[in-house]
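The values are calculated or read from the model by the stated rules, or taken from the named source; none is laboratory data. This is a predicted model, so every value here is computed, not measured. Positions of Cβ are backbone-derived with ideal geometry, glycine not excepted, and every protein chain shown enters the neighbour counts.
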Amino acid sequence: MAAETFVTALLLITAIISAGILINAVYPVVWNMAGTFSSASHETDTRMRTDFKIVATYANNTGPSGGGWAKIWMKNIGSSRIGLAEIDKSDVIVGVVGNMNKATLDINNWEPISDNTWNYQLTDYNSNGYWESGETLEVVAFNSQFNPPAGQDVYFQFILPNGVWRSSEFTTS
């Protein structure tokens, strides 16, 4: 009788220790997976709520140094507001079709004068520093490739830091 009690007690202690080791091994993995799923879910939610549309485009070939400007108006149609810092970190790719380059933000000149540069102006109705739903962002980009004659096909792409992007092709006038 005493031997059976001793064996049962040893088996019970072994089972408790094994359960503790298993919980210590599995719990951190489950916690990390929950964190990963949570951050991925948040990122997906942010991207789904961020949306904008290119509503008008214009390009001419009468800029400085024989180049030209492209002007693009975009409307925020998503439910997420986009801060000016995010717009500053955005990428603009512009050029003639087949020869595009990433442009650099030129905050010093409304109409940039250096090749492959861009700037923007926000129609901020409530002056809160965010591109909110219904507000318009005007982007102007200078590119020396927009040379005479008129009728060149221009490619423009605007990419937000979270990866949401829109592009358009249009011709110079």
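Of note:
- Any hit, the range 87-96, residues being assigned by TED's automatic domain parsing to the domain that holds residue 165 and farther than 19 Å from residue 161 by Cα: yes
- Enumeration of residues in the range 115-137 that are touching a residue at least 24 places away in the same chain (Cβ under 8 Å) and farther than 19 Å from residue 172 by Cα: 120, 122, 129, 130, 131, 132, 133, 134, 135, 136, 137
- Boolean, residue 165 is buried (at least 18 other Cβ atoms within 10 Å of the Cβ), aromatic (Phe, Trp, Tyr) and either at pLDDT 95 or above or within 19 Å of the chain's Cα centre (by Cα) (or both): no
- Whichever residue in the range 116-160 is of a type in the set (Asp, Glu) and within 21 Å of residue 89 (Cβ to Cβ) and, among such residues, is farthest from the chain's Cα centre (by Cα): 124
- Screening the candidates 27, 58 for the property of being farther than 25 Å from residue 129 by Cβ, at pLDDT 90 or above and either surrounded by 12 or more Cβ atoms within 10 Å (Cβ to Cβ) or not assigned by TED's automatic domain parsing to the domain that holds residue 133 (or both) yields one hit, 58.
- Of the listed requirements (1) modelled with pLDDT under 80; (2) under 30 Å from residue 120 (Cα atoms), residue 37 misses just one: (2).
- Cβ pairs under 6 Å, 6+ apart, first in the range 89-106 and of a type outside the set (Lys, Arg), second in a loop (DSSP other than H, G, I, E, B): 90/160; 95/145; 96/145; 96/152; 101/116; 103/116; 106/112
- Long-range neighbours under 6 Å by Cβ, at least six apart or interchain, first residue within 20 Å of residue 115 (Cβ to Cβ) and in the same structural domain as residue 84 (by TED's automatic domain parsing) within the range 138-165, second surrounded by 14 or more Cβ atoms within 10 Å (Cβ to Cβ) and basic (Lys, Arg): 140/71; 158/166
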